[in-house]
């Protein structure tokens, strides 16, 4: 246990190692080269790694999976996301970033739970006919998950940007909002709470006109029947909408309208949404 | 004819698939497999939708073997178990392994590194005709697959049968 603790801390506060000197020095072995990796990272990772290395001494990035055609897509706080070929198919690999500031036992448990929740929610979505990526492989050792890559897809976020930039097709956005409302209603009717609804977590499969939506990133999802949780889910999306896409109030209204029309349990949910709106930050406490 | 694929996450292993039709000695083969004298997994092709399904099972089996967490006793048994949506090992063998009356057999081999696969050795034990993996779709019993994996009608609208099958295989032990 002492050794394990020393190893866990080795990536983080160097000062701790001094106390456990004799033991720790021997254990630095495996951790040492890994830290070295931060400097000699591969091109794709280099830019952000440099900054990351400087800012977070404690963070040790997980080793990229040896998939052919590997590209680092995103370095989130929770996980590093890669794209590559897995068993001959285009796949997305999400490798969780271990948080060294957490107690190792907690970290392990939390990491495992998040991954399990993601896998569970994805399966639940698919069984209900809600479009979400297929799970190819779950690695409980490194807490990584390998999923279907929706090739040539565009995030709804990027789609809205490009439509607004080009100036035409506002009716298309209205239809898109309706589709989103319908999809979310079906998801909530299955008691699946996404937990991180943003326009970047909704993909559009080509061709864009078909409005074929796919939900992704269920890392913060959970199962709940409570209108409160569903209301908060929608609130998160509303805030994301307003902050990322100006002049989209009409869109979100259309989304809610279709949501209310599609979901059988929408009444209490919309009510809760109104309540949640009244809470939140920067609310004037008048009346 | 046969197909070989390297497991990306386990670069020292590759998976080879061989398909045989008009097999006459399924009973003898099954016995040999149970005794462990055949170095491969003997699978009922009717339950297989696509070679990818086998690869996913093999990948999981090799992973579990490496961390010492297999649920069965051998790698080949684990591959068959990984294919099954159920956690009952004997059920997995019944549904996905071969039975005495089968006339088609899919054999899966997992080899270390660049060790050349002795295909002739395996093939000689089968009293049947080796065919290309392209023939697999014709041997698939789609209705049975849907039933065993409990694929829902809504699910069929958002993806292929293979998608449904693979998703269940990979998330089987998450709950």
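The values are calculated or read from the model by the stated rules, or taken from the named source; none is laboratory data. All values reported here derive from a predicted model rather than from experimental measurement. Every residue, glycine as well, gets a Cβ built from its backbone with ideal geometry; the counts of neighbours run over all protein chains shown.
General remarks:
- Single unsatisfied condition, residue A:121 versus (1) surrounded by fewer than 21 Cβ atoms within 10 Å (Cβ to Cβ); (2) more than 21 Å from residue A:84 (Cα to Cα); (3) in contact (Cβ under 8 Å) with a residue 12 or more places away in the chain; (4) within 14 Å of chain B (Cβ to nearest Cβ): (1)
- Cβ pairs under 8 Å, 6+ apart, first in the stretch A:253-264 and under 16 Å from residue A:231 (Cβ atoms), second modelled with pLDDT of 95 or more and part of a loop (DSSP other than H, G, I, E, B): none
- Single residue of the stretch B:132-172 satisfying the filter (in contact with a helix residue (DSSP H, G or I) (Cβ under 9 Å, 6 or more places away or on another chain) and outside any helix (DSSP H, G or I)) that is farthest from the other protein chains (Cβ to nearest Cβ): B:141
- Residue A:104 vs. criteria surrounded by 17 or more Cβ atoms within 10 Å (Cβ to Cβ) and either closer than 26 Å to residue B:164 by Cα or touching a helix residue (DSSP H, G or I) at 6+ places or on another chain (Cβ under 8 Å) (or both): no
- Odd one out for residue A:111, checked against (1) within 9 Å of chain B (Cβ to nearest Cβ); (2) part of a helix (DSSP H, G or I); (3) without any contact (Cβ under 8 Å) to a residue 60 or more places away in the chain: (1)
- The residues of the stretch A:71-96 that are closer than 18 Å to residue A:142 by Cα and in contact (Cβ under 8 Å) with a residue 24 or more places away in the chain, listed by number, are A:72, A:75, A:78, A:79, A:83, A:86, A:91, A:92, A:93, A:94, A:95, A:96.
- All of B:153, B:137 fail the test of being surrounded by fewer than 17 Cβ atoms within 10 Å (Cβ to Cβ) and more than 24 Å from residue B:77 (Cα to Cα), apart from B:153.
- Single match in A:152, A:139 (criterion: within 9 Å of another protein chain (Cβ to nearest Cβ) and either within 28 Å of residue A:65 (Cβ to Cβ) or in contact (Cβ under 8 Å) with a residue 60 or more places away in the chain (or both)): A:139
- For the stretch A:158-172, residues that are touching a residue at least 12 places away in the same chain (Cβ under 8 Å) and either crowded, with 19+ Cβ neighbours inside 10 Å or assigned to a loop (DSSP other than H, G, I, E, B) (or both) total 2.
- Of all the listed residues (A:183, A:220, A:237, A:197), the sole one being out of contact with any helix residue (DSSP H, G or I) (no Cβ under 7 Å at 6 or more places or on another chain), outside any helix (DSSP H, G or I) and at negative phi is A:220.
- Residue tally, condition touching a residue at least 60 places away in the same chain (Cβ under 8 Å), in a helix (DSSP H, G or I) and farther than 24 Å from residue B:21 by Cβ, over the stretch B:57-93: 2
- Test for residue A:116: is it at pLDDT below 95, outside any strand (DSSP E or B) and at the interface with chain B (Cβ under 9 Å from one of its Cβ atoms): yes
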